[in-house]
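All of the numbers you see were taken from the coordinates with simple rules; none came from a lab. This is a predicted model, so every value here is computed, not measured. FYI the Cβ positions are ideal-geometry reconstructions off the backbone, even for glycines, and counts take in every protein chain you see.
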Amino acid sequence: MNSELREKRENIILELMQDPMYVPMKEKELAVFLQVKEDDREEFRKILSEMTISGKIIKTERGKYQKGNERPLNVKVGTFINNAKGFGFVEVEGETEDYFVSAENVNGAFHKDTVEIALLKETKGKRKEARVTKVLERGIKTIVGTFEKSKNFGFVIPDISKLSQDIFVPIERSKGAVTGHKVVVEITDYGKEGKKPEGKIVEIIGHINDPGVDIMSIVKAYDIPVEFPEKVLNQAERVAKEVSEADRVGRKDLRDELMVTIDGEDAKDLDDAVNVWYDEEKELYHLGVHIADVTNYVQENSALDREAKLRGTSVYLVDRVIPMLPHTLSNGMCSLNEGEDRLALSCLMDVDKKGNIVNYEIAESVIHVNRRMSYTQVKKILEEKDETLRKEYGELVPMFERMEELSAILRKKRQKRGAIDFDFPESKIILDKEGHPLDVKPYERNVANLLIEDFMLAANETVAQHFYWLESPFVYRIHENPDPDKMQKLNIFINNLGYYMKSVGKVHRKLSEDEVHPKEIQKLLASIAGTPNEAMISRLALRSMKQAKYSVINSGHFGLACEYYCHFTSPIRRYPDLQIHRIIKEHLRNRFTEERNNHYQEILEEVAKHSSETERRAEEAERETDKLKKMEYMEDRIGNVYKGVISGVTSWGIYVELPNTIEGMVHVTKLPGDYYIYDENLCEMIGEHSGRSFCLGQPVFIRVAGTDRLMKSVEFDLVEDWEDEQGDDEISRKQ
């Protein structure tokens with residue numbers, strides 16, 4: 001919904017509540033009185049919630065709404081973050097520093113609640129403090145945890161480590177759960193001083209020792225939808241029909257062009273195909289990026305579309321994929337499977353030898369993928385010159401070699417303008433049939449990963465630029481400029497190590513005088529490559545950046561150093577891409593009327609916001625499942641000695657990352673031979689008497705001391721005077 005329409009609806013609500021005859025009403029009563037349609041109820045609920053948070057209206061203890069009063073300057077609204085020790089912090093949007101709330105000032109606030117706070121008198125040199133004056137909206141309605149049964153009652157120990165209290169459950173509301181069950185408990189009473197929160201069990205996930213229950217507990221904790229409603233599944237079955245002659249009408253027929261998909265070995269949702277050929281006469285590379293036309297099967301506002309929007313993204317966990325669309329579509333008719341006719345949206349680009357896209361066409365097409373290739377196969381063909389594979393895929397080898405040439409050209413151009421590439425290895429976790437980790441190792445990008453990445457980036461930029469100049473409503477992928485304070489801190493730190501970054505002055509129109517151009521960060525990363533400081537500075541630079549997100553306003557992409565960027569290439573697994581495809585097709589078919597323009601103006605802001613939120617949710621769930629399995633892997637290796645690198649330094653200890661990507665902590669009290677103090681400016685732990693220091697990037701030997709299932713963490717001890725006889729970083733042996 002656009003801001004103008006939202007403001008109009010807010011004004012209607014305010015006018016009603018300002019009327020002297022108005023009697024406070026509950027949400028449902030208000031909706032009936034204002035004749036809000038059933039389909040608009042969710043949006044109406046959001047408007048009431050936002051107006052409550054902003055203080056324009058008040059929700060009484062009985063759940064009735066009335067007009068609010070303007071907040072004084074010393075009162076703010078934010079999100080309460082609980083600490084297991086009883087105190088908490090409040091994060092206020094737009095402010096870099098949060099507010100400390102002591103245990104006696106929490107006033108019944110629960111983790112993730114939206115609260116109103118009054119600022120307390122500031123003490124010089126200390127962090128800002130506040131007290132919670134009112135809970136505006138509860139952030140958590142259900143909690144996942146482990147059930148413990150007593151004779152006449154039970155309680156749930158929350159998986160969220162930040163919650164200090166168990167949830168009391170009356171026996172009649174336990175749903176037959178027994179000790180050791182993982183459950184979802186709905187909070188019925190948030191508790192007060194001296195009284196525990198109370199709840200009722202709404203779902204039993206399974207026993208804590210059953211295979212897959214650990215991962216499913218994380219899925220439930222993040223409220224990620226798993227099962228598709230029957231209506232959605234039925235609709236997917238109905239629309240998943242083979243490509244017919246009628247479907248091909250009006251489309252560019254590219255079935256005779258040689259093209260491939262290149263993905264991971266176990267990928268099933270293949271949403272992009274590519275082809276490259278070189279025009280000797282014009283000295284141009286022709287790059288075709290062909291994306292599954294998912295919108296042909298997922299019509300706007302259908303049950304499928306509403307479910308896809310709700311999910312926002314597919315979620316890729318260590319042992320499963322939770323798809324945005326049912327498998328009938330995601331692995332079937334919308335997947336660009338080998339040897340099948342498929343409907344697509346194609347971005348056809350002519351690229352010169354300097355990497356400039358000199359001409360392009362965006363078209364609805366019908367394609368036919370010749371071969372389904374894996375990253376490993378293409379790597380072996382190009383890097384290892386594997387004779388068996390080169391013979392098997394003989395007709396494709398020349399195209400792969402052209403792809404490698406073009407990929408290098410595009411990457412060089414991107415690097416020249418200042419695009420930043422943080423090449424931290426992702427984790428590859430291999431599980432057995434019971435879900436236990438067999439191996440954990442880094443998943444490195446190879447030449448095949450890079451060329452697909454380069455081609456997708458080119459298509460995404462081309463599409464974004466096209467629609468920016470059309471002045472069409474659109475969903476952009478933006479990456480805002482880093483916070484100047486964080487960049488200044490990074491600059492001070494690297495200056496101590498002999499490196500520097502210059503601020504841009506007036507050079508770049510989108511950056512102010514005290515900001516840094518992405519090229520400066522790129523230069524910094526190049527200068528530290530291969531040095532002992534590489535890991536340390538790379539991590540600090542990454543932490544200084546903001547997160548990318550979706551937006552209807554194009555403010556550019558800092559990390560890619562480009563002015564126009566979007567997500568066009570994965571409509572099977574990302575909702576913004578699906579929404580963009582609809583806009584593209586309406587323009588191609590000359591159906592983008594003023595009415596459709598207004599429609600997109602109304603809905604896209606919410607689409608961008610919700611898609612960013614579901615993306616964050618998916619990333620957090622993926623991180624949590626990885627942490628869980630890494631912890632489980634190290635449970636069987638307690639006592640082993642490994643060589644690692646210090647990856648983080650905090651006031652409570654140092655973090656060490658092993659070559660297999662597993663990270664653990666050495667607590668400050670376990671650092672040997674001295675009392676250590678954390679120096680925030682140098683990002684070091686320094687011995688008070690010895691002067692010995694531990695800093696980011698420093699190699700150390702550690703022994704696995706223990707694991708914590710609740711925190712999903714690994715504990716290390718430092719090992720002094722350990723000699724690596726094998727000269728191998730990945731040593732692992734019992735002492």
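In nm, to one decimal, how far is the residue 553 label point from the residue 67 one, both placed 7 Å along Cα→Cβ?
3.0
Please list, in order, the residues from the stretch 313-347 whose amide nitrogen is less than 13 Å from a point placed 7 Å along the Cα→Cβ vector of residue 242.
Counting only backbone N, you get 340-342.
What is the order of 324, 333, fewest Cβ neighbours within 10 Å to most?
Least crowded to most crowded, the residues run 333, 324.
Rounded to the nearest 0.05, what FRET efficiency is calculated for residue 597 and residue 430 with R0 set to 56 Å and r the Cβ-Cβ distance?
The calculated FRET efficiency here is 0.65.
Can you tell me, using C-alpha contacts under 8 Å and at least 6 residues apart, the relative contact order of the chain as a whole percent?
Relative contact order here is 9 percent.
Tell me whether the stretch 7-67 comes out rounded, prolate or oblate; compute the Cα gyration tensor, take square roots of the eigenvalues as a ≥ b ≥ c, and use a/c under 1.5 as the rounded threshold.
rounded
Lys and Arg at +1, Asp and Glu at -1: add these up for the other residues within a Cβ distance under 12 Å of residue 713 and post the number.
Result for the local shell: -2.
With θ set to phi - 60° and the Karplus curve 6.51 cos²θ - 1.76 cosθ + 1.60, what are the ³J(HN,Hα) couplings of the stretch 221-238 in order, to the nearest whole Hz, using x for Gly and Pro?
Each residue's phi maps through the Karplus curve to give 4, 8, 6, 8, x, 10, 6, 8, x, 4, 4, 5, 4, 5, 5, 4, 4, 5 Hz.
Largest first and to the nearest Å, give the Cα extent of the stretch 142-210 along each principal axis.
On the principal axes, the stretch 142-210 reaches 36, 26, 18 Å in Cα extent.
What distance in nm lies between label points placed 7 Å from Cα along the C-beta direction at residue 91 and residue 22?
According to this spin-label approximation, the distance is 3.2 nm.
Could you give P(r) for the chain, binned at 10 Å from zero, as whole percent values over all Cα-Cα pairs?
Calculated over all Cα pairs of the chain, the distribution is 2, 11, 19, 25, 23, 14, 5, 1, 0 percent.
Note down the relative contact order for the stretch 1-110 as a percent, whole number, built from C-alpha pairs under 8 angstrom at least six residues apart.
16
Can you list residues from other chains, or at least 5 along the same chain, whose modelled amide H is less than 5 Å from the amide H of residue 559?
Excluding prolines and chain starts, which carry no amide H, there are no hits.
Can you give me the distance in nm between label points at residue 445 and residue 38, each placed 7 Å from the Cα along the Cα-to-Cβ direction?
Rounded to a tenth, the inter-label distance reads 4.9 nm.
Hey, what's the Cα Rg ratio for the stretch 637-734 versus the globular rule of thumb, 2.2 N^0.38 Å?
So the Cα radius of gyration is 1.04 times the expected 2.2 N^0.38 Å.
Within 10 Å of each residue's Cβ, count the other Cβ atoms and sort 376, 614 from fewest upward.
Ranking 376, 614 by Cβ neighbours within 10 Å, fewest first, gives 376, 614.
Which value at 222 nm does the chain reach when only helices count, each DSSP H run of 4 or more adding -39,500 (n - 2.57), with the total divided by all residues and rounded to the nearest 500 deg cm²/dmol?
When only DSSP H runs of four or more count, the value is -9500 deg cm²/dmol.
Can you pull out the chymotrypsin sites (Phe, Trp or Tyr not before Pro) in the stretch 664-712 that DSSP calls coil and that have at most 16 other Cβ atoms within 10 Å?
675
Kindly provide the Kirkwood hydrodynamic radius of the stretch 77-196 in Å, to one decimal, from all pairs of distinct alpha carbon atoms.
About 15.4 Å for the stretch 77-196.
Whole angstrom only: what separates the Cα centroid of the stretch 313-345 from the Cα centroid of the stretch 233-249?
15
At a 10 Å Cβ-Cβ cut-off, how would you order 622, 93, fewest neighbours first?
93, 622
Could you tell me the distance between the Cα centroids of the stretch 45-111 and the stretch 387-444, to the nearest Å?
Centre-to-centre (Cα) distance: 46 Å.
Going toward the positive end of the dipole of the chain, with +1 on Lys and Arg Cβ and -1 on Asp and Glu Cβ, which of 233, 355, 533 do you reach last?
Farthest towards the positive end: 233.
Could you tell me what fraction of 2.2 N^0.38 Å the Cα radius of gyration of the stretch 161-255 comes to, as a two-decimal ratio?
Taking N as the residue count of the stretch 161-255, the ratio is 1.83.
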